[in-house]
1. Going by the conditions given, is ARG26 part of a helix (DSSP H, G or I), in contact with a Gly (Cβ under 7 Å, 6 or more places away or on another chain) and surrounded by 14 or more Cβ atoms within 10 Å (Cβ to Cβ)?
2. Return the residues of segment 108-131 that are surrounded by fewer than 20 Cβ atoms within 10 Å (Cβ to Cβ) and either more than 11 Å from the ligand (Cβ to nearest atom) or of a type in the set (Asp, Glu) (or both); say none if nothing qualifies.
3. Mind listing just one residue for me: the one in segment 75-86 that is over 15 Å from MET40 (Cα atoms) and away from the ligand (no atom under 13 Å from the Cβ) and, of those, surrounded by the fewest Cβ atoms within 10 Å (Cβ to Cβ)?
4. What about ALA126, is it out of contact with any Phe, Trp or Tyr (no Cβ under 8 Å at 6 or more places or on another chain) and outside any helix (DSSP H, G or I)?
5. Filter segment 29-51 down to the residues that are out of contact with any strand residue (DSSP E or B) (no Cβ under 9 Å at 6 or more places or on another chain), part of a helix (DSSP H, G or I) and closer than 22 Å to ASN86 by Cα and list them by number.
6. Select from segment 52-74 the residues that are surrounded by 17 or more Cβ atoms within 10 Å (Cβ to Cβ), in a helix (DSSP H, G or I) and not hydrophobic (A, V, I, L, M, F, W, C) and list them in ascending order.
7. Condition test on LEU89, is it within 18 Å of VAL15 (Cβ to Cβ), within 10 Å of the ligand (Cβ to nearest atom) and either at pLDDT below 95 or aliphatic (A, V, I, L, M) (or both)?
Amino acid sequence: MATERTLSIIKPDGVQKNLIGEVYRRFEATGLEVVAARMMRLRQDQAEQFYAVHKERPFYADLVRYMTSGPVVVQVLEGEGAINKNRELMGATDPKKAAAGTIRADFADSIEENVVHGSDGPDTAAQEIAFFFSGAEICPRTR
Ligand code: GDP
């Protein structure tokens, strides 16, 4: 399997629940390396642009409101098959359908407030990483 990078976000509910360390622990326990990280509060225009693919969905306005409701922690994860590994750690979008032991099954309150985001494929991963981080902000491990 190839080494990949993926974009992860601990969403406002995850930060509110003090789950930053717990989510990072799961990344590290599964061998994913954090190679860039930032805490920030998304502006309305940033959330709108990030989720533009969902613009026509009925939940879009709520989603943007939720994503701007508090700080988030954004990170780039690197590792073998990182995109799918992170999706497996996260679990299904709807926590009621998420497999036991996944982040969303363990901590999410609803299909909207579901604690984490993770890129769903190589193209979106590249786009989403570039949305948040310049090349110089990514710090591959040297030891
Ligand atoms: P993800 O890749 O698993 O995060 O899922 P999607 O890309 O389909 O949706 C993006 C985000 O929109 C989800 O993580 C949820 O926060 C939110 N979302 C998705 N589906 C729904 C829905 O049916 N209702 C509401 N209120 N929010 C949703």
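1. Details: part of a helix (DSSP H, G or I): yes; in contact with a Gly (Cβ under 7 Å, 6 or more places away or on another chain): no; surrounded by 14 or more Cβ atoms within 10 Å (Cβ to Cβ): yes.
For ARG26, the condition - part of a helix (DSSP H, G or I), in contact with a Gly (Cβ under 7 Å, 6 or more places away or on another chain) and surrounded by 14 or more Cβ atoms within 10 Å (Cβ to Cβ) - is not met.
2. Selection gives ASP109, GLU112, GLU113, ASP120, PRO122, ASP123, ALA126, GLN127, ALA130, PHE131.
3. Taking segment 75-86 as the starting set, the residues that turn out to be over 15 Å from MET40 (Cα atoms) are 77-86.
Restricting the remaining residues to those that are away from the ligand (no atom under 13 Å from the Cβ) gives 77-82, 85.
On the way: LEU77: 29, GLU78: 19, GLY79: 19, GLU80: 12, GLY81: 16, ALA82: 28, LYS85: 20.
Of everything passing the filter in segment 75-86, GLU80 is surrounded by the fewest Cβ atoms within 10 Å (Cβ to Cβ).
4. No.
5. Scanning segment 29-51 gives ALA29, ALA47.
6. Of everything in segment 52-74, just one residue is surrounded by 17 or more Cβ atoms within 10 Å (Cβ to Cβ), in a helix (DSSP H, G or I) and not hydrophobic (A, V, I, L, M, F, W, C), namely TYR66.
7. So LEU89 fails the test.
Residues are listed down the side, and each one gets a yes or a no for (1) more than 16 Å from the ligand (Cβ to nearest atom); (2) of a type outside the set (Asp, Glu); (3) closer than 19 Å to MET90 by Cα:
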residue: ARG25; (1), (2), (3): yes, yes, yes
residue: MET40; (1), (2), (3): yes, yes, no
residue: ALA47; (1), (2), (3): no, yes, no
residue: TYR51; (1), (2), (3): no, yes, yes
residue: TYR66; (1), (2), (3): no, yes, yes
residue: VAL72; (1), (2), (3): no, yes, yes
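The values are calculated or read from the model by the stated rules, or taken from the named source; none is laboratory data. On a predicted model such as this, the values are computed, not experimentally measured, just so you know. Methodologically, a virtual Cβ is constructed for each residue, glycine included, from the backbone with ideal geometry; neighbour enumeration extends over all protein chains shown.
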